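Data block below; observations after.
Please treat every number below as a calculation from the coordinates, not as lab data. Everything quoted here is computed from the prediction, not taken from an experiment. FYI the Cβ positions are ideal-geometry reconstructions off the backbone, even for glycines, and counts take in every protein chain you see.
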């Protein structure tokens, strides 16, 4: 285990050193290439910022209006079928759109039930077994100007549902 700790401390500086040495031997201006990459990255951030802001504001409105609670109750029968507790459904729904918003729901569950409770374990595992599908598709596809997601959304949603079900199953195994 200590080897992995030393290796992880070593790998980032080694990678940076390797890039500089590689650029030196290939007679590449590494600093200029770095600046060019930063400029391109900053341009992408400027292009996707309105989408990110709109997504975060809409999640806030969805939660504040009570629509999230109503939608959670609507999905409760499907949650029971998949053995997903009703209290976890809002975390699952919000996680599809925003990781940071889902963390606030997780903290609410931690406060009410405790992090070592069954629900606390489920949401903890769920956060690592699921993805922010809409956010990821929006950011990645928008940055490369892809308009049609084809099978990305259905596949990602299937994987996210599988992750939620897996989080319940894993919790049942370890508790």
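What to note about this one:
- Residue among 136, 149 that alone is within 19 Å of residue 55 (Cα to Cα) and in a helix (DSSP H, G or I): 136
- Scanning region 29-38 finds one or more residues that are closer than 21 Å to residue 140 by Cβ and surrounded by fewer than 11 Cβ atoms within 10 Å (Cβ to Cβ).
- The combined condition, being surrounded by 17 or more Cβ atoms within 10 Å (Cβ to Cβ), in contact (Cβ under 8 Å) with a residue 40 or more places away in the chain and not in a helix (DSSP H, G or I), is not fulfilled by residue 96.
- Residues satisfying the stated conditions in region 99-119, i.e. under 24 Å from residue 174 (Cβ atoms) and surrounded by fewer than 14 Cβ atoms within 10 Å (Cβ to Cβ): 107, 111, 112, 114, 116
- Within region 111-133, the set of residues being within 18 Å of the chain's Cα centre (by Cα) and not in a helix (DSSP H, G or I) comprises 130, 131, 132.
- Among the residues making up region 48-74, those that are farther than 18 Å from residue 92 by Cα and surrounded by 13 or more Cβ atoms within 10 Å (Cβ to Cβ) are 48, 51, 52.
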